[in-house]
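Remarks on the structure that follows.
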Amino acid sequence: MEGQELRVFYDDTIGYYLISRSKDLPVKKAALNEVKIPAVYACFAAVFANSMGFQMPETLTPVMDGASWVLSALGMVMIGFGLTKVNFREIAYKTFGKIMEVRYLATAAFLGLLLWAKMGLVGQLRPDEQKLLFLISAFPIAANLVVFSSFLDTEEENAALLVSVSSLISLVLVPVACVLLFK
């Protein structure tokens, strides 16, 4: 799996499971919630199609590009709706700061280990490919978090706030990481 597919797979499996568990669902019920996510099936279908050598027809490229933009816009709308419910006077800023710190450090450590394993087990990546994959750790939290929390009716405001704050942090972190990694 490439970087983007890996991130989508993580968001649509582990991320959704963790949000399900935040509703105090039993482990088995939270795991069974995974079956309800169409994106998981799409991810498996894409991996299968890629392994079989399937190439998307050129005529579908504009349609897929348009669908991508529409989904992104709808995700931003959901974040906006979630932010309208946030009471900024009641935010536990220290807690959110710790969450962001752990999120960025854990993601960097996880991707570092993943790169190390991929280089050792699967094969060598060119140095620029390694840096690009590691750069993913500086990206913001995916908007899927808001979609999942909305679907499960849990912590919608906090999810929208986390995605928004991580987007602001990433506005600074990504350029800094690019300068450090690609100088």
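The values are calculated or read from the model by the stated rules, or taken from the named source; none is laboratory data. These figures come from a predicted structure and were not determined experimentally. Ideal geometry is used to build each Cβ from the backbone, glycine not excepted, and the neighbour counts take in all protein chains shown. Ligands, DNA and RNA are excluded from the accessible area calculation, which covers all protein heavy atoms including side chains. Shrake-Rupley method; radii C 1.70, N 1.55, O 1.52, S 1.80 Å.
All but one of (1) farther than 26 Å from Val165 by Cβ; (2) open to solvent by 60 Å² or more (accessible area, probe 1.4 Å); (3) modelled with pLDDT under 85 hold for Asp65, so report the exception by its number.
Answer for Asp65: the failing condition is (3).
Out of all the residues in the stretch 76-85, is one or more part of a loop (DSSP other than H, G, I, E, B) and either at negative phi or of a type in the set (Val, Ile, Thr) (or both)?
If we filter the stretch 76-85 for residues that are part of a loop (DSSP other than H, G, I, E, B), which is where we start, we get 85.
Add one more test, that the residue is either at negative phi or of a type in the set (Val, Ile, Thr) (or both), and what stays is 85.
Yes, the stretch 76-85 contains a residue that is part of a loop (DSSP other than H, G, I, E, B) and either at negative phi or of a type in the set (Val, Ile, Thr) (or both).
Just one of (1) open to solvent by 30 Å² or more (accessible area, probe 1.4 Å); (2) under 16 Å from the mean Cα position of the chain (by Cα) trips up Phe148, so point out which.
For Phe148, the exception is condition (1).
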